[in-house]
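What follows is a short report on a single structure.
The values are calculated or read from the model by the stated rules, or taken from the named source; none is laboratory data. Everything quoted here is computed from the prediction, not taken from an experiment. Note that we place each Cβ from the backbone using ideal geometry, even for glycine, and neighbour counts take in every protein chain shown. Keep in mind that these areas ignore ligands, DNA and RNA; they rest on the heavy atoms of the full protein, side chains included. Shrake-Rupley method; radii C 1.70, N 1.55, O 1.52, S 1.80 Å.
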Amino acid sequence: MEEPYNPQEIEASAQRYWHDKNCFQVVEDVNREKFYCLSMFPYPSGSAHMGHVRNYTIGDVIARYQIMLGKNVMQPMGWDAFGLPAENAAIKNKIPPAAWTRQNIEAIRKQLMQLGFAYDWSRELATCDPSYYHWEQWFFLRLFKKGMVYKKNAEVNWDPVDQTVLANEQVVNGRGWRSGALVERREIPQWFLKITAYAEELLHDLDKLEHWPHQVKTMQRNWIGRSEGVDISFTVKQHDPITIFTTCPDTLYGVTYIALAPQHPLVRQLAETNPALKAFVEECRNIKVAEAELATIEKHGMPLGITAHHPLSNHEIPVWVANFVLMEYGAGAIMAVPAHDQRDFEFATKYQLPIRQVLNSADGSDWSISERAMPGPGILVDSEEFTGLSSQQAFNAIAAHLEALNLGQRKTNYRLRDWGVSRQRYWGAPIPIINCPHCGAVPVPDKDLPVLLPEDVEFTGVTTPLKSMPSFYQTSCPKCQQPAERETDTFDTFMESSWYYARFACKKQNKSMLDGRANYWLPVDQYVGGIEHAVLHLLYARFFHKLMRDEGLLNSDEPFTRLLSQGMVLNKGAKMSKSRGNVVDPQPLIARYGADTVRLFMMFAAPPEQSLEWSDSGVEGAYRFLKRLWAYAHDVQEIMRKYNRLPKASLKNMTNWEEADAAQTDILRQIYEILDQAKFDYERQQYNTVVSGCMKILNLLGKIPQCSAGTDIHEIVIYKGLGILLRLLAPITPHITHQLWQDLGYEDIILHASWPKSSSIVFRVDTIEMVVQINGKLRSRVRVPQGAAKDLIEKTVTDDDKVRQALDGKMIKKIIIVPAKLVNVVTGE
């Protein structure tokens, strides 16, 4: 064992050992408890940064801890390889996306290996490999045949920079989630998956996810947006009735106008003969689409020159088009009740439309109809026979009355809309459909899968090159054999990330999408990834899992049992990202300090779910601790060699504690207390306190008197104490602990060592806690053996770190001991 700590040499040696011994390759074993640990796989857009390092270190710590508990642990890694950044790089650098992506994969894989992550690399996959997207295409066609897939013209979110469609979830503050460009509205043919068919199950099963963050489940509940209400029919002369879904039928008598979305079919019909209306509709094409912003945008509208008949009051109600009504929600129409809805109130005030109060506040509080809307619930007024009912009573009564008149029907509605999966870009999995002028949309036969994406392409602009490649799109119809064209749209990349976790279980299976091994490993026991994927990815993955279950490919309901949403890595107060120019490259840090230092800092600086502020001094501190550990272990080895007494397995169960020095026994007791706390902290994933405990153990070991070196009791305390310390640190700093475990003569390798168990032996010596004061002020607490001598108490107090810091070099005048209670240190002037 060399004296100086050389992390580069130590880490290279450990990684060679793990690689040569295939330490992390696993197979199914029904006789062992399995544990599937997975971190959200990266997009290979370049090199990894500290945000990646933190995410994957957290996952690796969890996996290594579970290995030490004796479980059959699988931790795979792969690449979310399709997507727009590769195309943008191709346009900029004139390099094909496939080549750009694969060279990035090589670079990031090397970085991850240098960090010592316990991945089963035999399961590595990239979503751009035909062997992967083959089965995605196959599954899409199964859904097509079941009626879970359809194509229709739809008004979509169009990113004018990335030249592609965005799902609602991919629009952030009215802008494209990648490009940041203001999103436009366009109508184009789109393929959809019927996620709405699973809306109720997706909502209901959130209650099964006991180990998911509350925040994530709330975000999904809000996105699914279940609401109970009534579909009400308003008749319109010379036009089809307008059907409106409302969750507030109790306010029906307060309707003073109807507002339609600019994309509503009736608006479009009227716009054909109304140039002003047509211009208004065109102006609304670029409206921000984030629902949260609808309450704050400036309200604009136009009267359509028609009226609708109120189903109960018989009043004629003017019909308007308004920019704050979206076609995606409800049926693109609202019954406006300006007295009891603030958006309706602002619009009515601007255009001088009537405001009719039909609710009084339930608590009798004052409210002015001229100042603002009063939201319900309340007590009905001016509502004919329903006056005097509460909102809840009126909901049921008015709904029943409308149903009896055949003018309305109770309905459960969802905010969730079907998932548009078409993208008008190149670097994605081809949609396996052939468009025939005679037969329509025809599935590609299974024998012709996968539909390969050509990889040797040139970009002359943003538009996908597939549209200018007859060799790709020209084909014949499988049904009628006449000339036809392949679909040139590709899948939304969230399709690939929605099922990759399952493919890891049987990556080399080339006869089917999944096999029985998926049921052994799934669901994932621990999933680690950022909160930003709460809707974008996690909802789709849950949906896909249920689809695969219903296709007979899986036997579980949910993909991820436990979810950890780690906090961001901040630098200079902002999220670390390439676009902000505040990325910290892990490579120079690994080269200077070693991977264990980087890992240790990441786990010590903050709890996993909280944001972490980058700190150069924090990295230095982590490095100093590892050097201290190495130096201490080196000294122990030298002492053992001096007495020719390297630790022996026979000493493990030594029980002759009556011969032990009281101070040593108390140190071992404290170490076991830290062990119990660390076990608790590992289970609750609070690794910063685990590291803190390890630092305390090293300090405690350093206090063992050297005069007893070479004795059995000294040896067993060192042996047990260091053995516990190394195992507590092993999941966090696997390289140094791997080396020290071997150098100090412990059995086997630390990766196969079992988790240390609590011991009742050391608690045979009773200890007490004593309060420590300095000049009457509380400064610390220490533990000493019951009935300890005065000199031992004084030494314990003066050796205490907090006492030393508080004394700050002051002269001790005297030490007053109140037996079994407190110690007061009195200093001189």
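Within region 468-484, identify whether any single residue is modelled with pLDDT of 95 or more, over 29 Å from residue 144 (Cβ atoms) and either touching a His at 6+ places or on another chain (Cβ under 6 Å) or surrounded by 19 or more Cβ atoms within 10 Å (Cβ to Cβ) (or both), and answer yes or no. Looking through region 468-484, none of the residues is modelled with pLDDT of 95 or more, over 29 Å from residue 144 (Cβ atoms) and either touching a His at 6+ places or on another chain (Cβ under 6 Å) or surrounded by 19 or more Cβ atoms within 10 Å (Cβ to Cβ) (or both).
Checking the stated criteria, residue 79 turns out not to satisfy the condition of being more than 23 Å from the chain's Cα centre (by Cα), farther than 27 Å from residue 607 by Cβ, crowded, with 19+ Cβ neighbours inside 10 Å and touching a residue at least 12 places away in the same chain (Cβ under 8 Å).
Here's the yes/no breakdown for (1) open to solvent by 40 Å² or more (accessible area, probe 1.4 Å); (2) in contact with an Asp or Glu (Cβ under 8 Å, 6 or more places away or on another chain):
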{"position": "317", "(1), (2)": "no, no"}
{"position": "320", "(1), (2)": "no, no"}
{"position": "338", "(1), (2)": "no, yes"}
{"position": "341", "(1), (2)": "yes, no"}
{"position": "350", "(1), (2)": "yes, no"}
{"position": "365", "(1), (2)": "yes, no"}
{"position": "369", "(1), (2)": "yes, no"}
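Can you tell me which residue in region 274-290 is most open to solvent (accessible area, probe 1.4 Å), limited to those that are modelled with pLDDT under 95 and outside any helix (DSSP H, G or I)? Among residues in region 274-290 that are modelled with pLDDT under 95 and outside any helix (DSSP H, G or I), the one most open to solvent (accessible area, probe 1.4 Å) is 288. Residues in region 377-402 that are within 44 Å of the chain's Cα centre (by Cα), loosely packed, with under 15 Cβ neighbours inside 10 Å and either more than 24 Å from residue 363 (Cβ to Cβ) or acidic (Asp, Glu) (or both): 400 alone.
Only residues that are closer than 17 Å to residue 71 by Cα and in contact with a Leu (Cβ under 9 Å, 6 or more places away or on another chain) were counted in region 737-755, giving 4.
So which residues in region 544-562 are buried (at least 18 other Cβ atoms within 10 Å of the Cβ) and assigned to a helix (DSSP H, G or I)? Within region 544-562, 544, 545, 546, 547, 548 qualify. Of all residues in region 489-505, those that are free of Cβ contacts under 8 Å to residues at least 60 places away in the same chain and either open to solvent by 10 Å² or more (accessible area, probe 1.4 Å) or over 16 Å from residue 77 (Cβ atoms) (or both) total 1.
Scanning region 168-180 for residues that are open to solvent by less than 50 Å² (accessible area, probe 1.4 Å) and over 15 Å from residue 87 (Cβ atoms) turns up 168, 169, 170, 171, 174, 180. Just one of the listed residues (31, 22, 6) is within 27 Å of residue 102 (Cα to Cα), open to solvent by 50 Å² or more (accessible area, probe 1.4 Å), over 26 Å from the mean Cα position of the chain (by Cα) and polar (S, T, N, Q), and it is 22. Kindly check whether there is at least one residue in region 156-167 that is open to solvent by 40 Å² or more (accessible area, probe 1.4 Å) and within 28 Å of residue 227 (Cα to Cα). No. Counting only residues that are charged (D, E, K, R), part of a helix (DSSP H, G or I) and open to solvent by 100 Å² or more (accessible area, probe 1.4 Å), region 782-829 holds 5 of them. Do the conditions hold for residue 116, that is, is it at positive phi, open to solvent by 10 Å² or more (accessible area, probe 1.4 Å) and not in a helix (DSSP H, G or I)? No: the conditions fail for residue 116. Candidates are the residues of region 755-781 that are open to solvent by 20 Å² or more (accessible area, probe 1.4 Å), among the β-branched types (Val, Ile, Thr) and modelled with pLDDT under 85; the one that is nearest to residue 62 (Cα to Cα) is 761. Consider region 119-144 and keep the residues that are in a helix (DSSP H, G or I) and within 25 Å of residue 20 (Cα to Cα). The one that is most open to solvent (accessible area, probe 1.4 Å) is 121. Scanning region 421-445 for residues that are polar (S, T, N, Q), at pLDDT below 95 and either part of a loop (DSSP other than H, G, I, E, B) or open to solvent by 10 Å² or more (accessible area, probe 1.4 Å) (or both) yields one hit, 424. Figure legend. Inter-residue proximity from region 740-754: first residues modelled with pLDDT under 95, second residues open to solvent by 40 Å² or more (accessible area, probe 1.4 Å) and outside any helix (DSSP H, G or I), beta-carbon distance below 7 Å, spacing 6+ or different chains. Indicated pairs: 743/1; 745/646; 754/70.
Return yes when residue 70 is outside any loop (DSSP other than H, G, I, E, B), within 21 Å of residue 684 (Cα to Cα) and of a type in the set (Gly, Ala, Ser) and no when it is not. Criteria not met by residue 70. When residue 92 is tested against (1) in contact (Cβ under 8 Å) with a residue 40 or more places away in the chain; (2) open to solvent by 10 Å² or more (accessible area, probe 1.4 Å), exactly one condition is not met: (1).
Out of the residues in region 208-232 that are under 15 Å from the mean Cα position of the chain (by Cα), in contact (Cβ under 8 Å) with a residue 24 or more places away in the chain and farther than 19 Å from residue 684 by Cα, state the one that is surrounded by the most Cβ atoms within 10 Å (Cβ to Cβ). Top of the filtered list is 220.
The condition (being open to solvent by less than 30 Å² (accessible area, probe 1.4 Å), in a loop (DSSP other than H, G, I, E, B) and within 19 Å of residue 194 (Cβ to Cβ)) is satisfied by just one residue among 535, 584: 535. All of (1) modelled with pLDDT of 90 or more; (2) assigned to a helix (DSSP H, G or I) hold for residue 650 with one exception: (1).
If the condition is being under 29 Å from the mean Cα position of the chain (by Cα) and among the acidic types (Asp, Glu), then region 132-162 contributes 136, 159, 162.
Of all the numbered requirements in (1) open to solvent by 10 Å² or more (accessible area, probe 1.4 Å); (2) of a type outside the set (Gly, Ala, Ser); (3) within 23 Å of residue 541 (Cβ to Cβ); (4) at pLDDT 95 or above, residue 508 misses one, and that requirement is (4). Of the residues making up region 459-485, just one is in a loop (DSSP other than H, G, I, E, B) and among the charged types (D, E, K, R), namely 479. Selection of first residues in region 399-428 that are without any contact (Cβ under 8 Å) to a residue 60 or more places away in the chain and of second residues that are buried (at least 21 other Cβ atoms within 10 Å of the Cβ), restricted to Cβ pairs under 9 Å at least 6 apart or on distinct chains, gives the following pairs, ordered by first then second residue: 403/230.
In summary, residue 205 fulfils each of the numbered conditions (1) touching a residue at least 24 places away in the same chain (Cβ under 8 Å); (2) open to solvent by 10 Å² or more (accessible area, probe 1.4 Å); (3) part of a helix (DSSP H, G or I) with the single exception of condition (2). Of all residues in region 587-605, those satisfying the criterion of being open to solvent by less than 10 Å² (accessible area, probe 1.4 Å) and closer than 20 Å to residue 39 by Cβ are 595, 596, 598, 599, 600, 602, 603.
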